[in-house]
Each structure stands twice: as structure tokens, then as C-alpha cells.
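A.B. asks: Can you keep this structure in mind? I'll have questions shortly.
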Amino acid sequence: MSTKHLLQWIELGRSALHKNLDTLSRLANGRLLAPSVKANAYGHGLTEIIGLLAEREDVAYVSVHSLEEAIACRAAGWNRKIMVLGPIAVDSLDAVLEYDLEPVVTSREVLRGLGQRADKAQSRIATHLKLETGTNRQGITEKELPAYAAIYKRYPYLKAPIGASTHFANIEDTTSHEYAQFQINTFNRMITKMAQLGIKPKYRHTASSAAHLLFEKTRFELVRPGLSVYGHWPSKETYLSYRLAGGENNILAPVLSWRTRITQIKDVPADAFVGYGCTYRTTAPTKLAIVPVGYYDGYDRSLSNQAYVLIRGRRAPVRGRICMNLMMVDITDIKGVRLEDTVTLLGHDGDERLTAEQLAQWAGTINYEILARLSPLTTRITTL
Ligand SMILES: *Cc1c(COP(=O)(O)O)cnc(C)c1O
């Protein structure tokens, strides 16, 4: 598909996505895969990613954060299972039946509400219980388990949770995995306690990308990788831990490239200021290219005077502040630049490459945030 008519677009590499899923599926080794498509599929575009996931037979579930995301998955044609990781308002619980969703439950009020609806409709609702093991975010404690077990017993169509899950607090940011081990121990203890209460969930699941890539014992019956589906490592520490344990290289490939076009070229003299706040001043006659992407589109303002973009396979430094919808880059040293030349903000151009990890480092954040903040309105194009 031609992009000539577009001034900004995101390319999604189909073969890269399949490569990543092949890797994650191989590690899952028969366990269920529940890729996370929250945050607009980590900025990649929910509709497009749902279409690509549906091409595979080894993806049983997708996991989302919110009810709105779950409904968007159904609208995109996803007819397999959907796990809702985040909270659902008590007054919105009818939607769980309407859209056939599997909520991860963290409150008694929600569980009771689901029980009432399931019994009234005489229709089973599959739920997952989120167990608190040390992240102290969502999750129910060991002490609360009997109360939850009682609610399950009270509603025949609720019956019992199909899944029990937890989420690690400190698995991405460190090469020491003691805290993760502590959380697994707590999880296992709570599963034993549930069994004593007559509850035996079919699917135990704890593994996000880092856990899935690094630790067999976190995989249980189902895994929930997110970032790695899109070809990124959760952190340097995760990659290092993986490699130190003898893991092979190149098992993940970034799926997304982000491009725009030069919409104006201008010569400015020496000692000229560039952009809001006059934060950059030329030291010599300079050729600037104006690029129609700004912080609204997800190009963080903290990249002002920090980042570079790729034009004709060369690096062009960002000059001055990133504006809401525009930025200025220096093309003085790049030969033959023309109006509407392609500008790469993320991805390959010739021998050069710009990664989400590099942008994150400049912006003082993590690759997750760089990707998740890409505007949902930008056109997505699927490529080979
Ligand atoms: C986001 C999320 C995941 C996926 O995490 P990644 O680090 O992106 O793989 C898994 N489980 C839960 C509960 C999450 O919120």
C-alpha cells in the first residue's frame, strides 16, 4: 500500500509479530497464550493486532485492562476468550454476560454482582481470582479467601473461579529474582489454601513477558505476555538475565515503525533561534526540516533538543522544543533532502535504526510508555 498521501503513519510488521508469537508459543509449550492487547495493543493499534492474532490457532485468549477495550476487541471481530485484567464498575457488570468476558475479580461486590447475574440468566460466568502476593496493587489476601469461597458457593452459575492469578512486582527491573520467588511461594501457599476450601482453578497464571521469558516455574497453565508480543524486552535486566542463562539471541523482533514526511525545508542564518522558548540557537547557517509530528502524537516533549530522527538513512537532530503537532530537525549535513521525504521516528532507515528503548532513554522513561502513548488516531498499515 502506498503511503504517498499520508504525512504520518505507523507500520506493523506482520512477520515480526508472528516471529514473536512463535517464540512465546514455543516457550509456552502447550500452555494457553493470553497476549495482552491493553493500551491499544501497546500503541500498535488494537483492531490491527486483533486481526493478526486471529490468524493464529495458538492464541486462546487476549487480555485487556478495561471493559471498553474488551468491547473494542469484540467489535474488531475477536470471538475467542477475553480476560479483563482491570476493574469493572459494579453497574456495568451486565456487559460481562453480553460480551462473554472473563473478569479477573478483586472485589466481593463485583463477585456478588456477577453471581446474581449468572444465576438470573442461568448462564455460567467464568471468573479469575487475583491473588495478592506482594505487589500490593490489585488482589485479594489469604485472609479473604474463605469469604470469596463462600460467595462462589452461594451462586451455582458462578460455581468456582476458572483461574487464579497474580502479578510480579520486581521481575523487570532487576537481575535478582528473590522477590519474585517470594511471590511464587505466597501464590502456591494461597492455591493450597484454596484447595482446602474446595476451589481448584483450572488455570493458574502469573507470567507477564519477563516472567515468561525467564522462568519456567511462573508459566503454570496460562501465560499473559504483553510487551514481548510486540518484539520488545521489558528491560535491559530482563535481556541480560535471559542471555546469562544461555538464551539465544534474536528471539524477538520489533513490530512497529513510525514514520512521517518533511512538509517544509528552510534555511536559517547563524544565531537564529528555533521554536518555542528560544531553547536552541544556531551557530552557523542551518538547513531545517519541518516535521508534522509533536507531543500530541506521542513524541514526548522531553525529547526536545535531545533526540534525532532518520532521513535518507542519516541522523537528523531535533532542534528546539517539540511542539504539540510539529517539530524541527537539522538537515544541514544530509545531502539531497527533498520535500515530503520520509522521516523515521522509530524503526529502520537504511543501516540506521531508532528503537523505542533509545527514545525511552532520551525521554527518561521506559519503552512501554513510548509505545503506549502513540496516538490511536495515527493511520496503521500492516506490512510484510
Ligand atoms: C500488563 C500486564 C501483563 C503483561 O505485561 P508485560 O510486561 O507487558 O508482558 C500481564 N499481566 C498483567 C496483570 C498485566 O497488567
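Please treat every number below as a calculation from the coordinates, not as lab data. Computed from a prediction, not measured in an experiment: that's the story for all the values here. Methodologically, a virtual Cβ is constructed for each residue, glycine included, from the backbone with ideal geometry; neighbour enumeration extends over all protein chains shown.
A.B. asks: Would you order 61, 299 from fewest to most other beta-carbon atoms within 10 Å of each residue's own beta-carbon?
C.D. replies: Placing the least packed residue first, the sequence is 61, 299.
A.B. asks: So, with +1 on the Cβ of K and R and -1 on the Cβ of D and E, and no other charges, what is the size of the charge dipole of the chain about its Cα centre, to the nearest 20 debye?
C.D. replies: The dipole of the chain has a size of about 600 debye.
A.B. asks: Straight distance only, please: which lysines reach the Cα of residue 19 with their own Cα at less than 29 Å, same-chain residues fewer than 8 apart left out?
C.D. replies: Cα-Cα hits under 29 Å: 4, 38, 81, 202, 217, 236.
A.B. asks: According to the Cα gyration tensor, what semi-axes, each the square root of 5 times an eigenvalue, does the equivalent ellipsoid of the stretch 78-198 have, listed from largest to smallest in whole Å?
C.D. replies: Taking √(5λ) for each eigenvalue gives 27, 17, 11 Å, largest first.
A.B. asks: For the stretch 150-233, what is the per residue volume of the convex hull drawn over the alpha-carbon atoms, in cubic angstrom?
C.D. replies: Once divided by residue count, the hull of the stretch 150-233 is 99 Å³.
A.B. asks: Considering the Cα trace of the stretch 290-384, what is its radius of gyration and what is Dmax, both in angstroms?
C.D. replies: 12.8, 36
A.B. asks: Moving to a separate point now. For the stretch 1-125, what log10 I(q)/I(0) values come out of the Debye formula at q = 0.12, 0.14, 0.22, 0.23 1/Å, with one point per alpha carbon and no solvent?
C.D. replies: -0.53, -0.68, -1.25, -1.31
A.B. asks: How long is the gain from residue 74 to residue 7 if the chain were fully straight, where each residue apart is worth 0.36 nm and the alpha carbon distance is subtracted?
C.D. replies: 21.1 nm
A.B. asks: Another question about this same structure. Going by alpha carbons, how many degrees (0 to 90, nearest 10) lie between the helix axis of 108-121 and the longest principal axis of the chain?
C.D. replies: Roughly 70 degrees, rounded to the nearest 10.
A.B. asks: Then there is this: In degrees between 0 and 90, to the nearest 10, how far off the longest principal axis of the chain does helix 145-154 point, with axes built from Cα atoms?
C.D. replies: Once rounded, the angle reads 70 degrees.
A.B. asks: Could you state the orientation-averaged shadow area of the convex hull built on the Cα atoms of the chain, in nm² to one decimal?
C.D. replies: 20.7 nm²
A.B. asks: Under 15 Å Cα-Cα from residue 335, which aspartates and glutamates qualify once same-chain neighbours fewer than 8 residues away are excluded?
C.D. replies: Qualifying aspartates and glutamates at Cα under 15 Å: 267.
A.B. asks: Mind pulling the per residue volume of the convex hull built on the Cα atoms of the stretch 182-308? Å³ is fine.
C.D. replies: 200 Å³
A.B. asks: If packing is taken as the mean number of other Cβ atoms within 10 Å per residue, what is the order of 373-383, 102-112, highest first?
C.D. replies: Answer by packing, highest mean first, reads 102-112, 373-383.
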